[in-house]
Amino acid sequence: MIPVTASIAIHEDEITLHFIRAGGPGGQKVNKVSTAVQLRFDAKRSPNLPEDVRTRLIRLAGRKITEDGILIIEAKRFRLQERNRQDALDRLIRLIRRAVERPKPRVKTRLSGAAKKRRRAAKKHRSRIKALRRPVVAND
């Protein structure tokens, strides 16, 4: 089990790791060794995630999640496969921890009467400035 929070842990069987070739620096070795890691986690069907955390995780993941609800994280920052594997797991855990945090509910506020008065005065002032720009029409 991979601990995420005090109440949430993910089983290793829920995560699949594919090792792929990574572009970038590395010389001739880069075409022979698969050091990049592609982590796949089925967020939609994970039994260890509470429903509210699951919906926030899917929203937070954005383009990293497929239509089937599978979260894909690619890690290719490091030249070592083991470090990329750990980086992918750390990123998954960070994303789930962000999804655990409940957003603060927005509290509606009302403008004060003085603020409304200032706004109307500013609009009237701006209107007068624009009126002065208009051409003067002579009344005969």
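All of the numbers you see were taken from the coordinates with simple rules; none came from a lab. A quick note: this is a predicted structure, and the numbers were derived from the prediction, not measured. With ideal geometry, Cβ positions are generated from the backbone for all residues, glycine too; neighbour counts draw on all protein chains shown.
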Nitroxide proxy distance, nm - points 7 Å out along Cα→Cβ at Val33 and Lys117:
7.4
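I'd like to compare 87-93, 114-120: which one has the highest average count of other Cβ atoms within 10 Å, and what's the full order after that?
The most tightly packed comes first, giving 87-93, 114-120.
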Cut-off 19 Å, label point 7 angstrom out along Cα-to-Cβ of Arg106: give me the residues of the range 55-86 whose amide nitrogen falls inside.
56, 59-60
For the chain, please report how many Lys pairs fall under 23 Å Cα to Cα, leaving out neighbours fewer than 8 apart on the same chain.
9
How large is the convex hull of the C-alpha atoms of the chain per residue, in Å³?
273
Computed helical MRE - 222 nm, the chain, DSSP H runs ≥ 4 contributing -39500 (n - 2.57), nearest 500
-12500 deg cm²/dmol
